[in-house]
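Taking it in order: structure first as structure tokens, then the write-up.
The values are calculated or read from the model by the stated rules, or taken from the named source; none is laboratory data. Bear in mind that the values here come from a model prediction, so they are computed numbers and not experimental data. Ideal geometry is used to build each Cβ from the backbone, glycine not excepted, and the neighbour counts take in all protein chains shown.
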Amino acid sequence: MNRLSELEIKNNLHTDIVGNRFEIFDSIDSTNTYLKKIDKTLLDEGFTVLAENQTGGKGRSGKSFYAPNCTGIYMSMLFKPSIKLDDINIITVMAAVSVVDALKSKTGILVSIKWVNDIMYQNKKLCGILAESSIKSYSEWAEYIVLGIGVNVNETDFPDDIKEIATSLKQITNIEYDRNEIVAEILNCVDKNYKFISNTDGRKKIVDRYRENLNMLGKQIKIINGNDTYIAKALDVDENAELIVENENGQIYNINCGQISIRAF
Ligand code: BTN
């Protein structure tokens, strides 16, 4: 079992922005929560926090993220983009494309994206992404974005409640992976794709790559919105990564991530 090491990560890092400074914890409640709490005025964007273990790992919609000791990757990065609240989804999209690129290059595993923020192998979840933002007072602009990425790497087993829906790189290939190499590759890909999204053309290309890797287009999906569950066909994603669906009455409409959850049908 290898430990996270700043030196080993930096040996494989080729970035301009991401990972300019690191902090690695043995244990923390959540790397996202930590980064959101600390004073960010003195931190440059790209500051990255990693932990061997999270005691309160967070997922979307108040869910928890399973983060056992020294087996997965739990990291959060700080961004200060010139971005409006309405466009913030592009950070999740950029992160998803980056994780797909990094995992394909380091492991050869063909992963796909489940809208909006999960990276999947077949029908099981390998990685979750959680982007949290703060808005500048009295404005529609983001003050900062904390981008959290959790990857199941060397887990050999999962608790009963997620056994059927989660997997790890090791479960797929039987290989024990060097987490430092995978961290560095994810950071390299995030750095490259983050620069892309600074202009409209680049954003469009990243959304195109996101769309190419989505696992649900053309398929029937189950949409769960609070107590309401309905079936629809996933048609496309638009430039803001909203999912365009067609319901059983033939009506076409967009859904954004909000509290909605999607299941394969
Ligand atoms: C999800 O599955 O809905 C998102 C999971 C995001 C998990 C990562 S692990 C690092 C960072 N810290 C957290 O508490 N959550 C994110």
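Numbers below:
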quantity: Residue within the stretch 91-111 that is in contact with a Phe, Trp or Tyr (Cβ under 9 Å, 6 or more places away or on another chain), within 14 Å of the ligand (Cβ to nearest atom) and assigned to a strand (DSSP E or B) present; calculated: no
quantity: Failed item in (1) crowded, with 20+ Cβ neighbours inside 10 Å; (2) closer than 16 Å to Ile262 by Cα, with Ser112 passing the rest; calculated: (1)
quantity: Residue check, Lys84 crowded, with 16+ Cβ neighbours inside 10 Å, more than 8 Å from the ligand (Cβ to nearest atom), closer than 30 Å to Ile262 by Cβ and of a type in the set (Lys, Arg); calculated: no
quantity: Complete set of residues in the stretch 171-208 that are free of Cβ contacts under 8 Å to residues at least 24 places away in the same chain and either under 17 Å from Ile119 (Cβ atoms) or out of contact with any helix residue (DSSP H, G or I) (no Cβ under 8 Å at 6 or more places or on another chain) (or both); calculated: Gln171, Asn174, Asn199, Thr200, Asp201, Asp208
quantity: Qualifying positions in the stretch 117-130 - part of a strand (DSSP E or B) and near the ligand (Cβ under 9 Å from one of its atoms); calculated: Asp118, Lys125, Cys127, Gly128, Ile129, Leu130
quantity: Count of the stretch 1-29 residues which are in contact with an Asp or Glu (Cβ under 7 Å, 6 or more places away or on another chain) and farther than 23 Å from Gln54 by Cα; calculated: 4
quantity: Residues (among the hydroxyl-bearing types (Ser, Thr, Tyr) and either in contact with a Ser or Thr (Cβ under 7 Å, 6 or more places away or on another chain) or in a strand (DSSP E or B) (or both)) located in the stretch 68-90; calculated: Tyr74, Ser76
quantity: Within the stretch 30-59, tally of residues that are within 25 Å of Asn2 (Cα to Cα), part of a loop (DSSP other than H, G, I, E, B) and within 8 Å of the ligand (Cβ to nearest atom); calculated: 3
quantity: Within the stretch 60-78, considering residues that are within 8 Å of the ligand (Cβ to nearest atom) and at pLDDT below 95, the one surrounded by the most Cβ atoms within 10 Å (Cβ to Cβ); calculated: Arg60
quantity: Number of the condition not met by Ala184 [criteria: (1) modelled with pLDDT of 95 or more; (2) more than 15 Å from the ligand (Cβ to nearest atom); (3) over 16 Å from the mean Cα position of the chain (by Cα)]; calculated: (3)
quantity: Test result for Phe79, within 20 Å of Tyr144 (Cα to Cα) and within 15 Å of the chain's Cα centre (by Cα); calculated: yes
quantity: Elements of type helices (runs of 4 or more DSSP H) contained in the stretch 148-265, each with 2 or more residues being surrounded by fewer than 15 Cβ atoms within 10 Å (Cβ to Cβ) and out of contact with any Phe, Trp or Tyr (no Cβ under 6 Å at 6 or more places or on another chain); calculated: 200-213
